[in-house]
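The values are calculated or read from the model by the stated rules, or taken from the named source; none is laboratory data. Bear in mind the structure is a predicted one, so any value in this text is a computation, not a measurement. With ideal geometry, Cβ positions are generated from the backbone for all residues, glycine too; neighbour counts draw on all protein chains shown.
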Amino acid sequence: MRISILLSVAFILFPIWVTAQSAQPLPRELAAEIRDITTACKADEIPISALADPGVSKIDLNGDGSRDFLFDTQQVCGGSPGHGCSNRGCRFVVYKQIGPTSYQKVLDELYGLERFISISKNGRLNLIAYSAPGGFGRCQQKNRDESCDFLLSWRNGNWKWAVIQ
């Protein structure tokens, strides 16, 4: 009788333990930002993505097996200004895993709502193509009504930007 009870408990708890071991907790800063955006969306009755971690893609920047994260603020609640995005655009944020539970923010870039993100089947980030608003960040040479187009990729531990003409 005791053995069957222990086996029943083990049968119930093992899947929970495996899920907990394989679950990848988000960096604290990222989890807090998602919570702030979703709270603001809910308060303004704006629909929120049904995903567990809206706007988050698990990636591997350099193929080393690390669990890195790409966060696209537009994906949380539709890019509504004041809800992860501004009237100038939305943001990509990338966290690189530097230890078992340690992350470093390696990118925080504003884009003007237009972007293309290519992630391979094995989770490797191939490239990001995006338009950045003029007068801000890498696009300071243009005025507010213009934009700059970029290709972005991670190579040898650094971001590589290429201007699209």
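Which residue is surrounded by the fewest Cβ atoms within 10 Å (Cβ to Cβ), if the candidates are limited to region 91-126 and must be touching a residue at least 24 places away in the same chain (Cβ under 8 Å) and among the hydroxyl-bearing types (S, T, Y)? Restricting to residues being touching a residue at least 24 places away in the same chain (Cβ under 8 Å) and among the hydroxyl-bearing types (S, T, Y), the top hit is T101. Against the conditions (1) out of contact with any strand residue (DSSP E or B) (no Cβ under 7 Å at 6 or more places or on another chain); (2) within 22 Å of L61 (Cα to Cα); (3) not polar (S, T, N, Q), P81 satisfies every one except (2).
The rows are residues; the columns are (1) at pLDDT 50 or above; (2) under 11 Å from V76 (Cα atoms); (3) touching a Pro at 6+ places or on another chain (Cβ under 6 Å).
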site	(1), (2), (3)
V18	no, no, no
P25	yes, no, no
L30	yes, no, no
D36	yes, yes, no
I46	yes, yes, no
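Within region 72-90, identify whether any single residue is without any contact (Cβ under 8 Å) to a residue 24 or more places away in the chain, assigned to a loop (DSSP other than H, G, I, E, B) and in contact with a Pro (Cβ under 7 Å, 6 or more places away or on another chain), and answer yes or no. Yes, that holds for at least one residue.
The residues in region 46-71 that are basic (K, R) and outside any strand (DSSP E or B) can be counted, and the count is 1.
Among the candidates G123, G134, the residue that is more than 29 Å from S66 (Cβ to Cβ) and either touching a strand residue (DSSP E or B) at 6+ places or on another chain (Cβ under 8 Å) or of a type in the set (K, R) (or both) is uniquely G134.
Filtered by the rule that a residue be surrounded by fewer than 16 Cβ atoms within 10 Å (Cβ to Cβ) and either in contact with a Pro (Cβ under 9 Å, 6 or more places away or on another chain) or over 30 Å from N158 (Cα atoms) (or both), region 50-71 gives a lone residue, A50.
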